[in-house]
Amino acid sequence: MNTILPAIRSYSVVVMALFLLGSLAMSCKNKGGTDPDIDPREQYVGRYEGGMSSALNVGGFEGVTQTGSATTVITNAPNPKEMYVEVTSSLGRPTPLKLTAELTDKGFAVIDRKTDQMNVLGKVVEGNFTATGVLAGKDLAITITTEGLSTGAPVKRNESVTGTKK
């Protein structure tokens, strides 16, 4: 009888330890990035410091590429898949870059602006506007294209914005 009691006690301790380990393991969840309570935009919200370049092509003639500094601020929009992107640059633009973008698998695409203005030899030219961006870690890259016509000649402006999150 003296040998049975310690065996039962050892068995009870093992069962209790297994129960505790199982409870702890079940209480820990692996988030894996699929938790609906985690907003994927939060990783991108903030201020990015970097540069901007702008090149204008009029009728096949490429102008001098202008470069300058740029600050990009990203904030959350009310829609859960959208964010606000605002770019302030040392380069002069006829219209500010205050945009609404929608997250995509590879970054984001601007959804609220279809046209933009360009300065061509002192004349304002309206053109079709597209912009996409990539966010990788702390780095941001935005590609912007505006295409229109000025007195029958095709006009195209290519802009690039880069930055690092601060």
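The values are calculated or read from the model by the stated rules, or taken from the named source; none is laboratory data. Since the model is a prediction, treat every value here as computed from it, not as a measurement. Glycine also receives a Cβ, built like all others from the backbone with ideal geometry; neighbour counts cover every protein chain displayed.
Scan the range 97-125 for residues that are surrounded by fewer than 16 Cβ atoms within 10 Å (Cβ to Cβ) and either over 17 Å from residue 77 (Cβ atoms) or aromatic (Phe, Trp, Tyr) (or both) and the total you get is 9. Please enumerate the residues belonging to the range 51-66 that are small (Gly, Ala, Ser) and either under 21 Å from the mean Cα position of the chain (by Cα) or part of a strand (DSSP E or B) (or both). Scanning the range 51-66 gives 51, 53, 54, 55.
Looking across the range 50-82 at every residue that is more than 25 Å from residue 154 (Cβ to Cβ) and of a type in the set (S, T, N, Q), the one that is surrounded by the fewest Cβ atoms within 10 Å (Cβ to Cβ) is identified as 79. Of everything in the range 144-166 that is within 14 Å of residue 50 (Cα to Cα) and exposed (fewer than 15 other Cβ atoms within 10 Å of the Cβ), the residue that is modelled with the highest pLDDT is 164.
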